[in-house]
Structure formats: C-alpha cells, structure tokens
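Q: One structure follows; several queries about it will come next.
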C-alpha cells in the first residue's frame, strides 16, 4: 500500500476559487482504479494550511494517477492560486494496526 501525506498553504482569499477545483480533482481521483482514499482538509489552527492524505493500492496506481487529465488540469489551476509551501511525501506501508 502507498500512503501520500503532506500539506500546502493556500491563501484564505483564494479558497472560494479553489474549492470547486479541489472538489473536482478529489471526485475524479476517488473514481480512479487503485485509489483507496483521497482527501484535502483545512488545518484546525491555521486555515491557510491544507492537509493532503491519500491511500493507493500500489505504486503503479499512484503513477497512473499523475498521468490523468484531471491532475494536469489541477496542476494548471493551482499555479494561479498562490499555493505555497507544498510539502508532500510518499510512504510504503502495510495495512497498519487499529488503535
């Protein structure tokens, strides 16, 4: 299993514009083969920080995700939103243990 975790900073003033773009990429990504989870969320203490969490069946599914039209569109769209401090990492994992 592949986990993708990270954050990016999005100016508060850009959020109304970004929200439908993020919704579109989230919905399209969740429909992809091999996508087990995909979400963006606001940080409770800093509303300009967006948390990214993804779970993929395997690396091939994640690699295919980066080749999709909706990811190309999202990359173009986010370039104009003032998005900064993008810090996203990929991890290999097992199923984990419930706590």
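Readers should treat all values here as calculations from the given coordinates under stated rules, not as data from a laboratory. Nothing here was measured: the structure is a model prediction, and the numbers come from that model.
Q: Taking the chain as the reference, fit the longest principal axis to its C-alpha atoms, fit the long axis of helix 15-30 to the helix C-alpha atoms, and give the angle between the two in degrees, 0 to 90, nearest 10.
A: 20
Q: Suppose a student asked you for the relative contact order of the chain, using Cα pairs under 8 Å spaced at least 6 residues apart; what percent would you report?
A: Values: 157 pairs, mean separation 45.9, N = 99.
For the chain, the relative contact order is 46 percent.
Q: So what's the angle, to the nearest 10 degrees on a 0 to 90 scale, between helix 69-79 and the longest Cα principal axis of the chain?
A: Helix 69-79 sits roughly 40 degrees off the main axis of the chain.
Q: Above 15 angstrom, tally the Cα pairs of the stretch 23-83 and express them as a % of all pairs, no decimals. Don't jump to the answer; show the numbers that get you there.
A: Details: 1023 of 1830 pairs.
The share of Cα pairs beyond 15 Å in the stretch 23-83 comes to 56 percent.
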